[in-house]
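To start, the structure under review is shown below, and the notes come after it.
The values are calculated or read from the model by the stated rules, or taken from the named source; none is laboratory data. Quick caveat: nothing in here was measured; it's all calculated off a predicted structure. Cβ placement follows ideal geometry from the backbone for every residue including glycine, while neighbour counts extend to all protein chains displayed.
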Amino acid sequence: MSDATLEQSRRALGEAERQRERSERRRGFILALPSFAYMVIFFAIPLVIVLVYSFATRTSTGSTALSDWNLDAYRKLGEPIVRNVVVRSVILALITTLVCLVVAYPFAWFCATRSALTRNLLLVAVMIPFWTNFLVRNYAWRILLSAGGPISSFTEAIGLGETNILFTKTAVVIGLVYAYLPFMILPLYASIDRLDRRLVEASSDLYASGPQTFRRVVLPLTMPGVIAGSILVFVPSMGAYVTPELLGGGKETLLGSYIVTQFLTARNWPVGASLSFVLMAVMLVSTIIYFRSGGKNL
Amino acid sequence: MSEPPGSDLNPAAAVSLRGISKFFDDVTAVDHVDLEIGDGEFFALLGPSGCGKTTTLRMIGGLEIPSEGSLRIFGDEVGPLPPNKRPVNTVFQNYALFPHMSVADNVAFGLRMRKVDRAETASRVAQAISLVRMAGMENRRPAQLSGGQQQRVALARALVNRPKVLLLDEPLAALDLKLRQEMQFELKQLQREVGITFVFVTHDQEEALALSDRIGVMNEGRLLQVGTPEEMYDAPVDRFVADFIGRSNFLAGTLEDVSTVCLANGTRIRVPAVDAEIAAPGSTIQVSLRPERVMIAEESAAPEGAASLSGRVSAVTFLGNSIVYHVGLDWMTVEVEADHRPDLRRHAVGDDVVLWWRDDAIAVVRP
C-alpha cells in the first residue's frame, strides 16, 4: 500500500472512531435527560428562586418587594436570636447523630455477621417503619411518651414514679433517632459487610485487644459508612420540623420551625430564604468535602 | 516414619498437639491429632482442601479453640488463649495487610499494640523491612504493591514480633508459578536466617517437599503420617500418602509375614520389613510401586532373583525426558515411567514385557 492510501485509510478510521464516541455520548445524555430535567425543575429552579428572595426587601406591610436588592437578610442571620436557634439545632442534630451512631453500629455489625436469611429479615425489619405515615408515627410517639402513657405507667409500676418525657428535648431526640436510624444503619451495614474479616483476625494475631482492633482496624475501614450515615442523619435532623413541633411542643425554636415562622408568621421571606440558603450551602459544601477526601483515602 | 501417638511429651517441642480435635456443629474438622514440631523446624501440613490442615494451623494460632485435646507451645498450654495472648504470628492466605496503613505502619502494628517503645519499634521495623528486601517501600500502601511484595510485607509484619513460632497459611498460593518458585527459595533462606520454627499449610506436595524439614499429611481430619520429605516419598505407610505425594501404582495383596507379600495373582514378593503398626501378618495391604522405580524389559530379560511381573504394553506416552508405559497385567494396569535415552530400548503397544524392581524400591501401605 502506498503512503497516500495508508494515510487516507487512517483518516477514515479516525473519523469513524470519533463519530462512534460522539454517538455514545449522545445516547448517555438522552438516557439521563428525564432525571436531569426533574432536578432542574424541582431543585435548581426553586433554589434559584430562594436565592433571589434572600436578596429582596421586606416591606412594612409584610409583603416582599423584588427590588432594592440588599444583604439585610444575611446581616440578620448574625443576630443573637438566629444564632441561638442555629446553635440549639446543631447541638440537637449532633446528639441525634451520635445516638444513632451508637445504637446503629452494634446492630449493623450484628446484621452483617449473620447468615444471609437472618440479615435479610433484619434489614426488612429496619425498613418496615417507612411503610407507615411519618405523621402517624410521630403521633404514636406522643401517646407513648405522654404522662399516663405506656412508658410512664411502666416506670410507675417499677417504682420510679411517673415520667413525663413528652414536650422535652429528650422527646425530640427520641423522635429524631427513631425517624432517621435506618439512614444510619444501612450505610454502616454496607461498609461493615465489605470489611474483610481476615483483617480482624490479623489484628488479633498481632496482639491487638478487642477495643484496639476496633479503633485501629475496624473503625477506620468502616469510616465511609460512619460518615455517610452521619450526613444522612445530621442533615435532616438540622432542618427537622414535624418532630420538634409534635414531640417538643414547639417550646424551643429550632431551625426548621424558625424558617417556617419567618415565611408564614413573621412574613419575612428574605430572612427565611437566606437562612434556608445558608443551611443548604453549608450541608452541600461539607458533603462535597467529605466525598472529595473520601475519594482520596479509600 | 510415623509419630508414635502414645509417646511422651517432649519439653523441647516448639508445638505439641495431643489428641486435638475440632468439631463444627456435627462435622469433625480435625480428628484426634497428635503432633510434635521441634524447635527451629520448617514443618509442612500437607493435604487436600477440607482435610483439616488449615483448621489445625488456626488452632495453633488461636483463631480457633480446640474442641478437645492439649495444645502446647514450648511447654505452655495455650488451647483456650486468644491469638493476642500467644507467642505465635500468622502470615495469612492473601496476606490480610491493613489497606489503610502504609507498609511501615503495617509492620509496626504488632509492636505498637504491645507498647514497645518508639525507638525500638522504628529500628526493628526498619530491620524487618530490609530483611524481606522491601527497603524504600515503607510509605507505600498495600494496594500499590505486587503480590510478591505484599507477601514479603506480610512476612515482615509477622517476623518483626519475633514470634516463637511462625504460622503460614498457603503462603505462596496467590502467586504465579515463577514468583512462587522464587519465593520458595527465599522463604527457606529466611527461615534459616531467623531460626524460628515455621509451620506452614499447603495443598501443593512439591512445595511441601521442597521447603520443609518434615511433612505431616492430613486427610479427612486425621494426621496420617509425619516424616522427612524422603521418608514420605520412599516409605509411605498409607495409600493416601503414597498417592498424594508423587504418583504410585498400588498392587493389592496379603502380608504373609513381616517381609513377604502375596500379591493378588499369587506372586510372592519380598518387601522391606513392615512395622506392626502399619499391618500385622495376615492382613490385606497394598504395595506402593512408584512408576519411575519399576524397570521395564523384554521378556526373560529380568535379572535373576528380582521380583517380576509379566504383562503387555497397552499405551505409550512420550513426555520428552521420559516415556510413560501403561502395562496391562492380567489383573491390573501398571504405570511405568522410563527414561528417554537413546541407549534404552523403546517398547511399543502390544509388546510383551517384564516389569521388575529392587526389593527396597517399594513400600507396603495401609489400604
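Laid out as a table, the results:
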{"item": "Residue within the stretch B:294-301 that is surrounded by fewer than 15 Cβ atoms within 10 Å (Cβ to Cβ), closer than 22 Å to residue B:235 by Cα and modelled with pLDDT of 90 or more present", "result": "no"}
{"item": "Cross-chain or 6+ apart pairs with Cβ under 9 Å, the stretch A:157-180 first and in the same structural domain as residue A:144 (by TED's automatic domain parsing), then in a loop (DSSP other than H, G, I, E, B) and buried (at least 22 other Cβ atoms within 10 Å of the Cβ)", "result": "A:172/A:240; A:172/A:254; A:175/A:240; A:176/A:240; A:179/A:240; A:180/A:240"}
{"item": "Residue match in the stretch A:267-286 (condition: of a type in the set (Lys, Arg), in contact with a Gly (Cβ under 7 Å, 6 or more places away or on another chain), assigned to a loop (DSSP other than H, G, I, E, B) and over 30 Å from residue B:142 (Cα atoms))", "result": "yes"}
{"item": "Unmet criterion (only one of (1) modelled with pLDDT under 95; (2) under 24 Å from residue B:187 (Cα atoms); (3) part of a strand (DSSP E or B)) for residue B:210", "result": "(3)"}
{"item": "Qualifying position, being part of a helix (DSSP H, G or I) and buried (at least 17 other Cβ atoms within 10 Å of the Cβ), among B:179, B:190, B:172, B:166", "result": "B:190"}
{"item": "Any hit, the stretch A:206-215, residues being outside any loop (DSSP other than H, G, I, E, B) and in contact with an Asp or Glu (Cβ under 8 Å, 6 or more places away or on another chain)", "result": "no"}
{"item": "Top-ranked residue in the stretch B:54-96 [being over 21 Å from the mean Cα position of the chain (by Cα) and charged (D, E, K, R); ranked as farthest from the other protein chains (Cβ to nearest Cβ)]", "result": "B:68"}
{"item": "The listed residue being of a type outside the set (A, V, I, L, M, F, W, C), closer than 20 Å to residue B:170 by Cα and surrounded by fewer than 21 Cβ atoms within 10 Å (Cβ to Cβ), out of B:41, B:68", "result": "B:41"}
{"item": "Filter result for the condition that a residue is among the aliphatic types (A, V, I, L, M), in a helix (DSSP H, G or I) and more than 34 Å from the chain's Cα centre (by Cα), over A:12, A:37", "result": "A:12"}
{"item": "Which listed residue, of B:158, B:128, is within 20 Å of residue B:182 (Cβ to Cβ) and touching a Ser or Thr at 6+ places or on another chain (Cβ under 9 Å)", "result": "B:158"}
{"item": "Residue satisfying condition, being under 30 Å from residue B:62 (Cβ atoms) and within 17 Å of the chain's Cα centre (by Cα), within set A:290, A:189, A:241", "result": "A:189"}
{"item": "Number of the exception - residue A:204 against (1) surrounded by 23 or more Cβ atoms within 10 Å (Cβ to Cβ); (2) more than 14 Å from chain B (Cβ to nearest Cβ)", "result": "(2)"}
{"item": "Complete set of residues in the stretch B:111-157 that are surrounded by fewer than 12 Cβ atoms within 10 Å (Cβ to Cβ) and within 13 Å of chain A (Cβ to nearest Cβ)", "result": "B:115, B:143"}
{"item": "Scan of the stretch A:207-241 for residues that are surrounded by 19 or more Cβ atoms within 10 Å (Cβ to Cβ), at the interface with another protein chain (Cβ under 10 Å from one of its Cβ atoms) and under 25 Å from residue A:180 (Cα atoms), ordered by number", "result": "A:221"}
{"item": "Residue within the stretch A:73-90 that is of a type in the set (Gly, Ala, Ser), assigned to a loop (DSSP other than H, G, I, E, B) and touching a residue at least 24 places away in the same chain (Cβ under 8 Å) present", "result": "no"}
{"item": "Which listed residue is away from chain A (no Cβ under 14 Å) and assigned to a loop (DSSP other than H, G, I, E, B), from B:99, B:48", "result": "B:48"}
